[in-house]
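To start, the structure itself, in structure tokens.
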Amino acid sequence: MDEAAKLHGHKGPWLVLGYKAGLRANEILKPNTEHDLFCRAYTPLKTPYTCALDGIQAATRCTLGKLSIEVVKSEVNEIKFVFLDKRTGRKLEVKLKEGVASLIEEMISKRGLSEAAKAIEDEEACELFEERLYD
């Protein structure tokens, strides 16, 4: 997480959210190399939502430079990250649970950016995401 924050410039809740989604992809799909995963990220194309992309890149090594991450414009209520293991064809869909985006906004306004990031970092992934694995 520290390296992700260094890459991004600071630790915010959306960076943490993307990082946690990427960690779940690593845990479940178990890539062997930096070339095994591909991510299709569905997100609004504006900050702070796109900050999650830096978290995904840091956690998974799916990068814009390798063209192993694709960004698809979506609405706030449709934020999800679909990870594909190119070796096995297995896919993991990690979708933001309803209400999480507005909860983050509320935390930022009441507690500040760094406290909101800490709160998201402390949450279990199952509280933030719905997951679906396709074999």
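The table below lists the values:
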{"item": "The range 90-111, subset without any contact (Cβ under 8 Å) to a residue 24 or more places away in the chain and of a type outside the set (Asp, Glu), residue farthest from GLU34 (Cα to Cα)", "result": "LYS110"}
{"item": "Residue match in the range 42-51 (condition: over 24 Å from ARG90 (Cβ atoms), among the hydroxyl-bearing types (Ser, Thr, Tyr) and surrounded by fewer than 18 Cβ atoms within 10 Å (Cβ to Cβ))", "result": "yes"}
{"item": "Test result for GLU115, assigned to a strand (DSSP E or B), farther than 18 Å from ALA59 by Cα and modelled with pLDDT of 95 or more", "result": "no"}
{"item": "Boolean, THR60 is farther than 13 Å from ALA21 by Cα, among the β-branched types (Val, Ile, Thr) and at pLDDT 95 or above", "result": "no"}
{"item": "Residues satisfying the stated conditions in the range 121-135, i.e. surrounded by 14 or more Cβ atoms within 10 Å (Cβ to Cβ) and aromatic (Phe, Trp, Tyr)", "result": "PHE129"}
{"item": "Residue within the range 69-87 that is within 19 Å of TRP14 (Cβ to Cβ), of a type in the set (Ser, Thr, Tyr), in contact with a helix residue (DSSP H, G or I) (Cβ under 6 Å, 6 or more places away or on another chain) and assigned to a loop (DSSP other than H, G, I, E, B) present", "result": "no"}
{"item": "Among (1) more than 10 Å from the chain's Cα centre (by Cα); (2) of a type outside the set (Gly, Ala, Ser); (3) part of a loop (DSSP other than H, G, I, E, B), the one test that TYR49 misses", "result": "(1)"}
{"item": "Residue within the range 99-107 that is surrounded by 22 or more Cβ atoms within 10 Å (Cβ to Cβ), of a type outside the set (Asp, Glu) and out of contact with any strand residue (DSSP E or B) (no Cβ under 8 Å at 6 or more places or on another chain) present", "result": "yes"}
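The values are calculated or read from the model by the stated rules, or taken from the named source; none is laboratory data. All values reported here derive from a predicted model rather than from experimental measurement. Here Cβ is always computed from backbone atoms with ideal geometry, including for glycine, and neighbour counts include all displayed protein chains.
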